[in-house]
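Undergrad: Before anything else, here's the structure in question.
Values in this text are rule-based calculations from the coordinates and carry no lab data. On a predicted model such as this, the values are computed, not experimentally measured, just so you know. Every residue, glycine among them, receives a Cβ derived from its backbone with ideal geometry; neighbour counts consider all protein chains shown.
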Amino acid sequence: MATGQVTMLEAAALRHTQEGQLELAVREHARLVYRVAFSVLRNHHDAEDATQETFIRVLRYGRKMTGIRDQRTWLARIAWRVAVERRKKTPELQLEDGSETMTQLRSQAVGADEAMLGAEKIVSLQRLIATLPAKLRDPLTLSTVKEMSPKDISQVLGTSEAAVRSRLFRARQILREKLTTLQE
């Protein structure tokens, strides 16, 4: 066989291996990637688009995938970055606009008075979380998405695990204090 044919066969085999790894990564981690994207974007369709874009980026840079030890965290980091980029590009939905939609959706399962109370609580909590500084809000958001560990969050955000634990504690403490003052 000529060296040109061997090189073409090697390239085809490498491409086939990369596609298999990508397919496996999609099967195993698609829900995680979607949840990370949704936690940032808070919109189903935008999160789906961000999930697709995440895996397109992985396909584009697939050669790096073979050297990755923890694919879950690596994919979560890519999904986080894609979602944050998308959020910067599109204007955010105002919380007041979303409360109507949430009330309508929830009213199908529960009574109207319960739905209003639930929707108000959700809106209040979203407002309180939105008032947190990004350094506290981002780890809190990731910790609620598929219950990511502080170690995984630290890798996604590129900070130390101790910093993540401290920020999570502080964010929860601030939310607890604000909720207490609201209930009084």
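Undergrad: Can you compute 3J(HN,Hα) from phi for each residue in region 132-141, using the Karplus curve 6.51 cos²θ - 1.76 cosθ + 1.60 with θ = phi - 60°, rounded to whole Hz and x for Gly and Pro?
TA: 5, x, 4, 5, 9, 5, 4, x, 5, 4
Undergrad: Need the full-extension length gain, GLU161 to GLU184, defined as separation in residues times 0.36 nm minus the C-alpha distance. One decimal, nm.
TA: 4.8 nm
Undergrad: If you don't mind, there's one more thing I want to ask. Measuring from label point to label point, each 7 Å out along Cα→Cβ, what is the ARG27 to SER149 span in nm?
TA: Taking the two extended label points, one gets 2.5 nm.
Undergrad: Could you list THR180, THR159 so that the one with the fewest beta carbons within 10 Å of its beta carbon is first and the one with the most is last? Walk me through the numbers before you get to the answer.
TA: Details: THR180 9, THR159 15.
By the 10 Å Cβ count, ascending, the order reads THR180, THR159.
Undergrad: Moving on to the next point. What is the spin-label model distance, in nm, from ARG69 to ARG137 if the labels are put 7 Å beyond Cα along the C-beta direction?
TA: 3.3
Undergrad: Quick one: what are the phi-derived ³J(HN,Hα) couplings along region 159-167, Karplus 6.51/-1.76/1.60 with θ = phi - 60°, whole Hz, x for glycine and proline?
TA: Values, residue by residue: 9, 7, 5, 4, 5, 5, 4, 5, 5 Hz.
Undergrad: Could you give the length gained on full extension between GLN173 and ARG60, defined as 0.36 nm per residue of separation minus the Cα-Cα distance, in nm? Don't skip to the end; give the middle numbers.
TA: Working: separation 113, 0.36 × 113 = 40.68 nm, distance 4.15 nm.
Length gained, GLN173 through ARG60: 36.5 nm.
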